[in-house]
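Notes follow once the structure below has been shown.
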Amino acid sequence: MKTIEARRLARRGSYQVESKDKWLASQRRLAHHYAENVQDLRRVIEVTRQVRFWGAEYTITPRLVTRPLGNGRQLMTLVPLNTRPNFYVARVDDRWSSSNYDSDAFIDEGLDDLIDLIEEQFGTCDFECSECGEAWHSTSDCACQQERQFPALDASSGYCWNYRDWPG
């Protein structure tokens, strides 16, 4: 009986490894395709959609950060807390680690670079108005501040991130 169970587990384990290898190969192919066809990736990512967030319905359009960081073989989602559920999708280095135990490859410095790229491409909500003299905040009536909504970056309360699969 133990032998049959051992065979089942061995088969299951090899299947999982084989599936993971196939998945990794498909992710590499998609990363290569989208590296050469950024507009295809934009068409897939920047789709307006309805989402439910904390019990409320929102219409969002995620934004693609055009320039890759590092080798650009991994997709990453960055979600500023102040503009949730809106988010950015970026192509980042696949050697970056989200574990703080991997001190050599931890993503913290890469996140700073990503924030800079987002601010460069979309602008920032972190500014002081030259007309009203106030710092930006979402409840202001000043016309210049009303223009500073997502996709302008508002990371003043922090952000979260995660890796995601390539679409395909």
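Quick look at the numbers
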{"quantity": "Amide hydrogen neighbours beyond the local backbone of Leu64, cut-off 5 Å, H modeled", "calculated": "Val89"}
{"quantity": "Cα centroid separation, region 149-168 to region 35-71 (Å)", "calculated": "9"}
{"quantity": "Region 68-77 - phi-based ³J(HN,Hα) in whole Hz, Karplus 6.51/-1.76/1.60, Gly and Pro as x", "calculated": "x, 10, x, 7, x, 8, 10, 8, 9, 9"}
{"quantity": "Under-5 Å amide H pairs with Ser97, H placed in peptide plane, nonlocal only", "calculated": "Phe106, Ile107"}
{"quantity": "Phi to ³J(HN,Hα) by Karplus 6.51 cos²θ - 1.76 cosθ + 1.60 over region 51-58, Hz, x for Gly, Pro", "calculated": "10, 10, 9, 6, x, 10, 8, 10"}
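Every number in this text was worked out from the coordinates using simple rules, so none of it is lab data. Fair warning: this is a prediction, and the values are worked out from it, not measured in the lab.
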